[in-house]
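First up is the structure itself, then whatever we jot down about it.
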Amino acid sequence: MEIIDPHMHMVSRSADDYARARRAGIECCIEPAFWSGTDKQHAGSFFDYFEQIIDFETARAERAGGMDHYVTIGLEPKEANYREMAEEVLDRLPEYLDRENVVGLGEIGFDQGTDDEEWAFRTQLRMAEERELPVIIHTPHTDKLAGTERIVDIIEDEGVAQERIVIDHNTAETIETSLTTDCWVGFTLYPGKIEDEAAIDLLEEYGTDKMLFNSAADWDPSDPLAVPKARDKMLDRGWEREDVKKVVFDNPYEFFDQSPNFTYER
């Protein structure tokens, strides 16, 4: 069963991980811009990083794994707190959003819930709305429910198209809040976020409409094969193949197919 993983931070992985992921069924991945392990000190560091994931990682994915690779570009919330640097990054962000294999904006949202984070969040929501681009939203690690409620309030206040937004990193604590919107609902299969068995339990309770599974293949202990492993566990638990395919392929395909630059052929 082919898979689209809509949240793979492959810049932090080896070439072998691309090959392993492809053998496990991942034919396409989307790499969102994210925190690189340490706070960047210069706006130029963002631009170098954007170039790396747009060009080098896309070529490496094809070379190492025969995998289609797309990216989303954004200023993630943690570094929005360096306001002067953040303003310089956002001033140039539109030129990166127009690049050939950039299929959305993200990940954005909240980390500590500061005023600067809200400014960056609202500014980027408007950028995506102007360009009709999909958006990946990061719910905070701490005070997750309150942060998710605030994210929903801001989305509604800005009046942006909710069908082009995925609220990610959901847990049992936040899913009902996310489901009050018309946004898509993402589960990041990663230690400390949500384990695959718990995420499958939530799908059994709430259904599969607009639900996405993704990995968080990043710097810390994590697994670029998290989605295919969840696929196998769903099948082992008796799920119909078509229902599993909806979560691991059809839904992410439909979400990113809203982007004019998403040219992957199913």
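The values are calculated or read from the model by the stated rules, or taken from the named source; none is laboratory data. All figures in this text were calculated on a predicted structure; none of them were measured in a lab. When we count neighbours, we look across all protein chains shown, and the Cβ atoms used for this are built from the backbone with ideal geometry, even at glycine. Calculation scope for accessible area: heavy atoms of the full protein, side chains included, ligands and nucleic acids excluded. Shrake-Rupley method; radii C 1.70, N 1.55, O 1.52, S 1.80 Å.
Could you list log10 I(q)/I(0) for the chain at q = 0.11 Å⁻¹, which the Debye formula gives when each Cα is one point scatterer? Result of the Debye calculation: -0.54. Restricting region 90-141 to trypsin sites (Lys or Arg not before Pro) that sit in a DSSP loop and have at most 16 other Cβ atoms within 10 Å of their own Cβ leaves R99. Computed with every protein chain present, the accessible area of R237 is close to 90 Å² [probe 1.4 Å].
E100 to E158: FRET efficiency via 1/(1 + (r/R0)^6), r the Cβ-Cβ distance, R0 41 Å, to the nearest 0.05?
Result of the calculation: an efficiency of 0.90.
To the nearest 20 debye, what is the magnitude of the charge dipole of the chain about its Cα centre, counting +1 on the Cβ of each Lys and Arg and -1 on the Cβ of each Asp and Glu? Let's see the in-between values first.
On the way: 27 positive and 61 negative charges, 172 e Å.
With Lys and Arg at +1 and Asp and Glu at -1, about 820 debye.
Taking Cβ atoms as reference points and 12 Å as the exclusive limit, the residues near L189 contribute a net charge of -2, counting Lys and Arg as +1 and Asp and Glu as -1. Once the Cα-Cα distance is subtracted from the 0.36 nm per residue extended length, the D143 to E265 segment shows a gain of 40.0 nm. In this structure the chain gives 40 Å² per residue of accessible area when probed at 1.4 Å with all protein chains present.
Expressed as a fraction of 2.2 N^0.38 Å, the C-alpha radius of gyration for region 131-191 is 1.04. Residues of region 59-83 falling in the label zone of A15, defined by backbone nitrogen less than 15 Å from a point 7 Å along Cα to beta-carbon, are 59-67. Return a whole-number percent for the relative contact order of region 53-167, with Cα pairs under 8 Å and 6 or more residues apart as the contact set. Once divided by the residue count of region 53-167, the mean separation gives 23 percent. For the chain, the relative contact order works out to 20 percent when only alpha carbon pairs closer than 8 Å and six or more residues apart are counted. Applied to region 40-56, the Karplus parametrisation 6.51 cos²θ - 1.76 cosθ + 1.60 on θ = phi - 60° returns per-residue 3J(HN,Hα) values of 5, 9, 9, 4, x, 5, 5, 5, 4, 5, 4, 4, 4, 6, 5, 9, 5 Hz, with x for Gly and Pro.
A cut-off under 12 angstrom between Cβ atoms defines the neighbours of E84, and their net charge, with Lys, Arg +1 and Asp, Glu -1, is -4.
The E62 and K229 beta-carbon pair, evaluated with R₀ = 25 Å, returns a calculated FRET efficiency of approximately 0.55.
Here the contact order of region 130-189, divided by its residue count and restricted to Cα pairs under 8 Å and six or more residues apart, works out to 37 percent. For the residues M10, M85, a 1.4 Å probe over the protein chains yields an accessible-area ranking, largest first, of M85, M10.
Surface listing: W119, W239, W35, W184 arranged by accessible area from highest to lowest gives W35, W119, W239, W184, probe 1.4 Å. Taking 16 Å as the cut-off, the amide N atoms of region 82-112 that come nearer than this to a point 7 Å along the Cα-to-beta-carbon line of H42 belong to 85-86, 88-89.
Whose amide H sits under 5 Å from the amide H of G109, counting only residues 5 or more places off or on another chain, with H placed in the peptide plane? Those lying under 5 Å, H to H, from G109 are H138.
Based only on the alpha carbon positions, what is the Kirkwood hydrodynamic radius of region 200-263, in angstrom?
Taking the inverse mean of 1/r over all distinct Cα pairs, region 200-263 comes out at 12.8 Å.
DSSP beta bridges fully contained in the chain are about 5 percent antiparallel.
Per-residue extension of 0.36 nm, minus the Cα-Cα distance of R83 and E205, leaves a gain of 39.8 nm for this segment. Student exercise: in the chain, how many lysine pairs 8 or more apart or on different chains have Cα atoms under 26 Å apart? For the chain, the number of qualifying lysine pairs is 21.
What does the charge count near A21 come to, summing +1 for each Lys or Arg and -1 for each Asp or Glu among other residues with Cβ under 9 Å from its Cβ?
Here the count lands on +2.
When a 1.4 Å probe is rolled over the protein heavy atoms, the share of accessible surface on region 39-142 that falls to carbon and sulfur comes to 42 percent. Considering only C-alpha atoms, what is the centroid distance from region 1-71 to region 101-119, in Å? The two parts, judged by their Cα centres, are 19 Å apart. Surface composition of region 227-266: carbon and sulfur make up 40 percent of the accessible area, probe 1.4 Å.
Ordered by 1.4 Å accessible area with all protein chains kept, D16, D39 run largest first as D16, D39.
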